[in-house]
Amino acid sequence: MPTLVVLALLPLLISLGCWQLGRAEEKRAMLTQYAERKAAQPVSSVQLASMADPAWCRVRLFGHFDADHSLLLDNSQRDGRIGVELLQPFEDQASGLWLLVNRGWLPWPDRRTPPTFDTPGQALNLEAWVYVLPGATFQLHADPTAAPWPRLITAVDPPKLWAELGREGFGQQLRLAPGPAAYRLDWPVVAMGPEKHLGYAVQWFAMAATLTVLALYLGWRTRKNRKENAHGRDQQPVPRL
């Protein structure tokens, strides 16, 4: 029985550990690319639109925000306080391209009243950087379509927004750099760093090792007990007639 348990669980535990190691390597590569592109010169929206891999690129923008189609990304906390992230369409005048710009975090202490924010009406020079999600956002339910504006959402989907508005838009969100129109901007680059994934990998491998040692010990005890029982039967006195 212990052998069957080991055969059933050991491959699963090892595969989970290897998966965590792979995720750690992905996060290391992501952070390296982020650091390199953060140090590089910002590009224009024209250059951005033609890039095969725009992740983390810094971008120069000049244009206007669209105050009529604001998105409020829910389930965001700072310092234990509940809030939302404000995303608004921005039309870059150099290219005519629409980009979905995340202006930062806003507190939302009372759900009975909508969060308050201002949208600059004048043309702005901005700098932002492209944020690419490391994976699909988990949602219990898809965000409703045709909801009123400003619209509360649980996942950012720029192509879906551009299709609804009938606009030519960039397929990823941009996060605003400090400057005009910015709210609180202290985003982590990744929600879970490589060291966390390594820690989880060590835990899975340790569980696999513990399970293996336990199975070997139980197997040894079982064989020992069988030998002792067999030896005891062999040593039983023959009854006299």
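Rounded to the nearest whole Å², what accessible area per residue is found for the chain with the 1.4 Å probe?
On a per-residue basis, 61 Å².
Amide H neighbours of Arg184 under 5 Å, at least 5 residues apart or on other chains, H built in the peptide plane: list them.
Here the answer is Trp105, since their amide H atoms fall under 5 Å of that of Arg184.
Amide H to amide H, which residues 5 or more places from Ser70 or on other chains are under 5 Å from it, using H placed in the peptide plane?
Result for Ser70 returns Arg151.
Need one number for the chain: average projected area of the convex hull over its C-alpha atoms, nm².
21.4 nm²
Where both partners of a DSSP beta bridge lie in the chain, what percent of those bridges are antiparallel, to the nearest 5?
75 percent
For the ranges 200-207, 46-53, what's the packing order if you count other beta-carbon atoms within 10 Å of each residue, average per peptide, and put the highest first?
Ranking, from highest mean packing down: 200-207, 46-53.
Using a 1.4 Å probe over the heavy atoms of the protein chains, calculate the carbon and sulfur portion of the accessible area of region 80-223 as a whole percent.
Using a 1.4 Å probe with all protein chains present, region 80-223 comes out at 61 percent carbon and sulfur.
The values are calculated or read from the model by the stated rules, or taken from the named source; none is laboratory data. If you're wondering where the values come from, they're calculated on a predicted model, not measured in any experiment. Here the Cβ is made from the backbone with ideal geometry for all residues, glycine too, and neighbour counts use every protein chain on show. Only protein heavy atoms, including side chains, enter the accessible area calculation; ligands, DNA and RNA are left aside. Shrake-Rupley method; radii C 1.70, N 1.55, O 1.52, S 1.80 Å.
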